[in-house]
Amino acid sequence: MALEIDGLAVLCAIAEAPEAFPAIRSDVTKAAHALVTKQLKAKSLDLQGLRAVREALGPQPLALIVDGLKDAEVKALATRLDKHHPDLKDGPAVLHRRHLMALAGTLAPVAAPAAKPKPVKAPARKTAAKAADPKAADPKAAAPDAPAQNGPAAKTATKTAAKTAAKTAGKATAAEGRAAPAHGKPAAGKDNAGAPADALASAAMAARPPRRPRQQD
């Protein structure tokens with residue numbers, strides 16, 4: 001059973017002695033480009049990983065490999081590493097490449113916008129007011145001596161009050177009926193009907209001159 005070789009050690013040896021491998025010079029270049037490209041496309045790559053690749057390769061080799069990526073690949077990587085940047089989604093491809101290289105350097109991604117405060121709803125304000133005023137929250141606590149509105153005691157008290165009010169109103173009406181003749185107009189009758197005629201007759205008699213006695217011949 002053949003043992004697996006250490007690929008990194010072999011690549012390091014090739015890089016240290018390229019003159020020993022003249023026939024694979026172009027293959028080494030293609031392999032290096034493919035390996036770094038695969039690393040940049042990895043979903044697990046974060047901002048720290050991108051900066052580690054730049055630190056290992058240097059800014060110039062990384063820029064050449066980024067230029068070899070498709071525009072959609074560069075845009076996807078830039079927007080994933082800087083999610084809240086306002087210009088990346090609709091910006092041109094050159095902006096995506098420059099921004100990606102800047103992120104690989106020292107540029108910090110745009111921070112997430114602050115969350116807007118939620119407006120306080122009316123029921124919440126009412127609840128807070130009840131919590132601040134225990135009497136408002138508990139009607140029984142506000143009026144402990146008041147009888148229940150729908151209980152038997154409340155119905156009995158209502159009937160008693162109605163009877164008392166009816167008796168008081170009846171007594172008042174009777175008293176007013178007895179006192180009315182003393183201050184009201186006299187009832188119309190036979191005697192009262194003749195009073196105006198007698199008064200007119202008396203006035204007429206008072207207006208006539210007295211008769212003179214006749215002189216006797």
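The values are calculated or read from the model by the stated rules, or taken from the named source; none is laboratory data. Since we're looking at a predicted model, the values are computed, not measured. So basically every Cβ, Gly included, is an ideal-geometry build from the backbone, and we count neighbours across all protein chains shown. Each accessible area value is taken on the protein alone, full model and side chains, heavy atoms only, with ligands, DNA and RNA left out. Shrake-Rupley method; radii C 1.70, N 1.55, O 1.52, S 1.80 Å.
In this structure, Lys116 does not qualify as modelled with pLDDT of 90 or more, in a loop (DSSP other than H, G, I, E, B) and of a type in the set (D, E, K, R). Only one of the numbered conditions (1) in a helix (DSSP H, G or I); (2) surrounded by 14 or more Cβ atoms within 10 Å (Cβ to Cβ) is violated by His85, and that is (1). When the range 53-65 is filtered for residues that are open to solvent by 60 Å² or more (accessible area, probe 1.4 Å) and more than 13 Å from Leu100 (Cα to Cα), the ones remaining, listed by number, are Glu55, Ala56, Leu57, Gln60. The single condition among (1) open to solvent by less than 80 Å² (accessible area, probe 1.4 Å); (2) among the β-branched types (Val, Ile, Thr); (3) without any contact (Cβ under 8 Å) to a residue 24 or more places away in the chain that Thr29 does not satisfy is (1). Each residue in the range 1-52 was checked for being farther than 30 Å from Ala108 by Cβ and part of a helix (DSSP H, G or I), and 24 of them qualify.
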